[in-house]
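S.K.: The structure's right below; bear with me while I get my questions together.
The values are calculated or read from the model by the stated rules, or taken from the named source; none is laboratory data. Everything numeric here is computed off the predicted structure, so don't read it as measured data. So basically every Cβ, Gly included, is an ideal-geometry build from the backbone, and we count neighbours across all protein chains shown. We work out accessible area using only protein heavy atoms, side chains counted, and drop any ligands, DNA or RNA first. Shrake-Rupley method; radii C 1.70, N 1.55, O 1.52, S 1.80 Å.
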Amino acid sequence: MSLRVSLLLPLLLCAPMAWADDASDPAAMTSPWSGSGGELGFASARGNSSTESLNGRLKLRYTDDDWVHSMDLFGLRSSAEYKQTGDDGSTYRKRQTTANRYTAGAGSALQLGEHRQLTATVRYESDDFATYDRQGSFGLGYGTRLIDGERLVLDTQIGPGVRRSHNSETDENRTGLIGRGLFDLKFGLTDNTDLVNTLLVESGSYNTFAQNDFGVSVAMNRHFALKAGWQARYNSDVAEDKRKTDTLATMNVVYSFK
């Protein structure tokens, strides 16, 4: 992620606050916008070495009669600065990027009835430190609610799609058919605490990609919450010097539509 994108993220995350009307306004209670709005987390350490990490997310949903449109943006950037000694004995500080990844996704769903829909989704990902540093996919599917309890809800989408990936090791582009599955679970632990888990699987002939996002969200008021998250990402086809599974732990402030 470039510095320009890093500076733009906080502005994007604040955008939903400008769109949301005052809670006392009746029109705000029937707003077509919904979703978790924005998440933002930042960590910085200083001393013999310096590290900085920034992650942000913008997740929105817009309802228009029988259509539901969604958007999901995510960015992660980390860097470290440390002291290094040259061949001549002199010392200098060197900064190295340790993570640089962003994803963008969008989808539209046509409601067929209560908790049933036809879906179309598109997703793009760029990761400077992955074997497949660029991946784009498009999928069609059928969505339904498998569990509709008072506290526990499980939604799913399943269908075919197509994916195009760039292999950074071989500088090769590959295109192939995939099967796509999305499983979205939410459990209300208490009145102000939710457990959420989203699993995305895209499986094709040359690679199976899976991403699981687990989070615990504690609401502080109507719009703001604290969220602890853990993400695991898996690719079945990677270079010999790379691991198949990456993990990420976050602690973010979340703005939500209500």
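S.K.: Which residues, counting only those in region 36-49, are part of a strand (DSSP E or B) and open to solvent by 60 Å² or more (accessible area, probe 1.4 Å)?
M.R.: 40, 42, 44
S.K.: Same structure again: Identify, please: which residue in region 99-134 is open to solvent by 80 Å² or more (accessible area, probe 1.4 Å) and of a type outside the set (A, V, I, L, M) and is, among those, farthest from residue 207 (Cα to Cα)?
M.R.: That would be 114.
S.K.: Same structure again: Select the strands (runs of 3 or more DSSP E) contained entirely in region 175-258, then report the ones holding at least 2 residues which are over 15 Å from the mean Cα position of the chain (by Cα) and not hydroxyl-bearing (Ser, Thr, Tyr). So that I can check it myself, show each step before the final result.
M.R.: Values: elements: 193-204, 208-219, 224-235, 245-255.
It comes to 193-204, 208-219, 224-235.
S.K.: Among the residues of region 91-120 satisfying the criterion of being without any contact (Cβ under 8 Å) to a residue 12 or more places away in the chain and in contact with a strand residue (DSSP E or B) (Cβ under 7 Å, 6 or more places away or on another chain), which is nearest to residue 209 (Cα to Cα)?
M.R.: 112
S.K.: Quick one: count up the residues across region 63-90 that are free of Cβ contacts under 8 Å to residues at least 12 places away in the same chain and open to solvent by less than 80 Å² (accessible area, probe 1.4 Å).
M.R.: Of the residues in region 63-90, 4 are free of Cβ contacts under 8 Å to residues at least 12 places away in the same chain and open to solvent by less than 80 Å² (accessible area, probe 1.4 Å).
S.K.: Which residue is farthest from residue 192 (Cα to Cα), if the candidates are limited to region 225-243 and must be open to solvent by 70 Å² or more (accessible area, probe 1.4 Å) and in contact with a strand residue (DSSP E or B) (Cβ under 6 Å, 6 or more places away or on another chain)?
M.R.: Per the stated criteria, the residue is 234.
S.K.: Applying the selection to region 207-235, what residues are among the small types (Gly, Ala, Ser) and over 21 Å from residue 100 (Cα atoms)?
M.R.: Within region 207-235, 215, 217, 219, 225 qualify.
S.K.: Consider residue 201 against the criteria (1) surrounded by 16 or more Cβ atoms within 10 Å (Cβ to Cβ); (2) hydrophobic (A, V, I, L, M, F, W, C); (3) under 23 Å from residue 100 (Cβ atoms): it satisfies all of them except one. Which criterion is unmet?
M.R.: (3)
S.K.: Quick one: is residue 256 of a type in the set (Gly, Ala, Ser), open to solvent by 30 Å² or more (accessible area, probe 1.4 Å) and modelled with pLDDT under 95? Break it down stepwise before answering.
M.R.: Values: of a type in the set (Gly, Ala, Ser): yes; open to solvent by 30 Å² or more (accessible area, probe 1.4 Å): no; modelled with pLDDT under 95: yes.
No: the conditions fail for residue 256.
S.K.: As an exercise: evaluate residue 155 against (1) within 22 Å of residue 184 (Cβ to Cβ); (2) of a type in the set (Asp, Glu); (3) not in a strand (DSSP E or B) and give the number of the one condition it does not meet.
M.R.: Result: residue 155 passes all but (3).
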